2 protein chains.
Amino acid sequence: MDLFTDEYFMNEAMKMAKIAFEENEIPVGAVIVCRNKVIARAYNQTEKLTDATAHAEMLAITSAANSLGSKYLNECKLYVTLEPCVMCAGASFWSQLGEIHYAASDPNRGFARLSETVIHPKTKVKAGLMAAEAKQLLDDFFKKLRN
Amino acid sequence: MDLFTDEYFMNEAMKMAKIAFEENEIPVGAVIVCRNKVIARAYNQTEKLTDATAHAEMLAITSAANSLGSKYLNECKLYVTLEPCVMCAGASFWSQLGEIHYAASDPNRGFARLSETVIHPKTKVKAGLMAAEAKQLLDDFFKKLRN
């Protein structure tokens, strides 16, 4: 896989999702990239942290802001394996993320079912990269949970 | 002021907002109450923490979950001096907050301008308590910022 492509970075997010899977968390992973460098990696930790707000994107945004020493992430790209919910989309608005790339869609809780004004007008959104793989991991997780 | 009334708890949230004001943060304060006990107090700290996600409500929800050892806050009430944004409303959804009481409305970034499905169907929302005082504090803050 070529370095520094969208596929490369989404695959890094998938690695995070797989760690979540192993730790019995809903498998969603995220990385934030600034000038071709991964500055934050996170996966959903709502169970481990006993915190409903500990979505992969929230943890990644806070970590990236710490890394840069800036609460604005307008030169950064978020790669996340599932369409952000409105909480995480709202966080991307406040941090003015430059780009959001998400893999699988989330018709139930994804932000896209609501008004597009949830996202900052300067944030570019791209969907669908590695969507099948990300969805498969989620399906496998919920299958494991039921058994 | 009588103890354990909505006014009492909203006043506790106002005290938090006033601390934010003194620390040059946008003055929004929040408390979370469980069985008439304040289990979390927080104010907006986006500047101090260099984190766009560090809204009063987010910090209060995480703190309340830590306090209870539960990511669900369905027996809790959030009192916040400004209408929550979609990020914070989304956080209230995931934590299944029992009640949200907010003071001032936020026509620009408040959740209410969007679909009501941002909020959990079991969460009761009440608005307007101490709204004038909360708005005055915000107006004073932005006036101070401009001078």
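Any read-out appearing in this document is the output of simple, stated calculations on the displayed coordinates, not a laboratory observation. If you're wondering where the values come from, they're calculated on a predicted model, not measured in any experiment. Note that each Cβ is placed from the backbone with ideal geometry, even for glycine, and that neighbours are counted across all protein chains shown.
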Can you tell me which residues in the range A:4-59 are of a type in the set (Asp, Glu) and either surrounded by 21 or more Cβ atoms within 10 Å (Cβ to Cβ) or without any contact (Cβ under 8 Å) to a residue 40 or more places away in the chain (or both)? A:Glu22, A:Glu23, A:Glu25, A:Glu47, A:Asp51, A:Glu57
Can you tell me how many residues within the range A:98-122 are within 14 Å of another protein chain (Cβ to nearest Cβ) and either part of a helix (DSSP H, G or I) or in contact (Cβ under 8 Å) with a residue 60 or more places away in the chain (or both)? 6
When residues of the range A:20-37 are filtered for being among the hydrophobic types (A, V, I, L, M, F, W, C) and within 15 Å of A:Leu82 (Cβ to Cβ), how many remain? 6
Return the only residue of A:Lys126, A:Lys144 being of a type outside the set (Ser, Thr, Tyr) and outside any helix (DSSP H, G or I). A:Lys126
Residue that is farthest from B:Ala103 (Cα to Cα), among those in the range B:1-38 that are under 13 Å from the mean Cα position of the chain (by Cα) and assigned to a loop (DSSP other than H, G, I, E, B): B:Ile26
Residue count for the range A:60-94, restricted to those that are buried (at least 24 other Cβ atoms within 10 Å of the Cβ), part of a loop (DSSP other than H, G, I, E, B) and more than 10 Å from chain B (Cβ to nearest Cβ): 1
Could you run through the range A:39-59 and say how many residues are within 10 Å of another protein chain (Cβ to nearest Cβ), closer than 26 Å to B:Ser115 by Cα and assigned to a loop (DSSP other than H, G, I, E, B)? 6
